[in-house]
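Scroll down for the structure; my scribbles are underneath it.
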Amino acid sequence: MRRFTTKTAVCLLAGTMLWSSCIGSFGLFNKLLDWNKGISNKFVNELVFIIISPAYAVCGVADLFVLNTVEFWSGSNPIAKVGTTENVWGKDGKMYAVKTLKDGYEVTKPTGDKVMFVYDKKSNTWSMDENGKHQELFRFNEDGTVEAYLPDGNSMNVSLNEEGMYSLRMAVNDGTYFALR
């Protein structure tokens, strides 16, 4: 009887892995990794890694079997970085504070002004709120394309590939596209 139960459990566990098609973000494992990388001395970092290496296995298994499956079926990561703020260098050479929210991001400019990028799950859209002004940015369509809202008030359906992004850049920049390196 015990042998049958073990085989059944192994088959069910393998089935959940094979049929869920869940890659996931491995949030718990990555949080542990980020914490360990945050130790400034590389020798202390290695020592801590060796000592807590079983924790990596536990976090990896927890992500693999539980958290990533929850993320796949619910659409949200239970270990998401909600509430955390990261400082990000902009292309203009200035520092921006990006706070992760449950439904988007709050970006604080170097001037102190705030811009909200909000995802509406019901309408499947991303929008921007700045200085009391609400502007929809784009909507995900059922067919895998994106309806992008242009600055002139028009909208444009594009595919999520290089060709679609190129045509969107051309439409937003009035046919002028500069490549930077």
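The values are calculated or read from the model by the stated rules, or taken from the named source; none is laboratory data. Quick caveat: nothing in here was measured; it's all calculated off a predicted structure. With ideal geometry, Cβ positions are generated from the backbone for all residues, glycine too; neighbour counts draw on all protein chains shown.
Using the structure shown, decide if LEU28 is in contact with an Asp or Glu (Cβ under 8 Å, 6 or more places away or on another chain), among the aliphatic types (A, V, I, L, M) and either on the phi > 0 side of the Ramachandran plot or modelled with pLDDT under 80 (or both). Yes.
Among the residues making up segment 107-122, those that are under 23 Å from VAL146 (Cα atoms) and either in contact with a Lys or Arg (Cβ under 7 Å, 6 or more places away or on another chain) or aliphatic (A, V, I, L, M) (or both) are VAL115, MET116, VAL118.
Picking from residues in segment 155-181 that are assigned to a loop (DSSP other than H, G, I, E, B) and hydroxyl-bearing (Ser, Thr, Tyr), the one that is modelled with the lowest pLDDT is TYR177.
The listed residues are LYS31, LYS99, LYS94, and the only one of them that is of a type in the set (Lys, Arg), closer than 26 Å to TYR119 by Cβ and in contact (Cβ under 8 Å) with a residue 40 or more places away in the chain turns out to be LYS31. Got at least one residue in segment 12-25 being at pLDDT below 80, over 28 Å from the mean Cα position of the chain (by Cα) and assigned to a helix (DSSP H, G or I)? Yes - at least one qualifying residue is present in segment 12-25.
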